[in-house]
Each structure stands twice: as structure tokens, then as C-alpha cells.
Amino acid sequence: MSIVIRRMFIKSTLAVSFSISYLLYIIAKISFGSGKLAFIIALLQLYPYFLIDYLPTVQVVSLFLQSLLLLLFAIFILLITYMLFLFYKLYKMVKTSILK
């Protein structure tokens, strides 16, 4: 039974980590404008998860909980980035309308 639970945590952790990597890819691509740099950042973030099969169960559960917190943090950062770009676009629109 514990093997089944361990496999579930491993698959869940990997799914969450891929979601985090995709969010980091989007944030880096928006911020830096470079897809290659964003891809490298996403791969570096995923590297520890490739070795998850060799970790004890307690560390797998801990990694899963850390991944969930990182996912929430990445979503929060994405929302902040999105809001900053919206405010910047609004600023540009107001600035150009005032200068005309």
C-alpha cells in the first residue's frame, strides 16, 4: 500500500513541478523576451525532480508540499507581472493621448 501512495506522490509532484516550470517559462519569456533563456530557467528548475525516484518517501512528501507552495508563489508572481504590464500599457495609452 505504501508503494502505491509513494507512486501517487511522485506523479503528483512531477505534475506540479511541470506546471511550475511552465509558469516560470511564461514569466521569464514575458520579462526577458527571450524564449531560450526561459527554457533554460525551466529546465534548471526541473532538474531535482528527475532524481525523485531515489529519495525516501518522507522527502518525496516534503517535495510535494514544497512544490505546491512554489506553484502558488509562481501563480502569484504571474499575476503581479500581468498587472504590471497592464499598468504599463495603460500608462503608455494615457501618455500618448495627453501628448496628442
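Some points to look at:
- Sorting 59-70, 41-52 by average packing, meaning the other beta carbons within 10 Å per residue, from highest down gives 59-70, 41-52.
- Nearest-ten-degree value, helix 2-32 long axis tilted from longest Cα axis of the chain: 20
- Relative to the longest principal axis of the Cα atoms of the chain, the long axis of helix 35-46 makes an angle of roughly 30 degrees.
- Lysines whose Cα lies under 29 Å from that of Lys11, excluding same-chain neighbours fewer than 8 positions away: Lys29, Lys36
- Rounded to 10°, Cα long-axis angle of helix 57-99 versus longest principal axis of the chain: 10
- Radius ratio Rg over Rh of the range 1-95, counting only Cα atoms, Kirkwood formula for Rh: 1.14
Quick note: the coordinates plus some simple rules give every number you see, no bench work behind them. Note that the coordinates shown come from a computational prediction; the quantities given were computed from them, not determined experimentally. Positions of Cβ are generated from backbone atoms using ideal geometry, with glycine treated the same way; all protein chains shown enter the neighbour counts.
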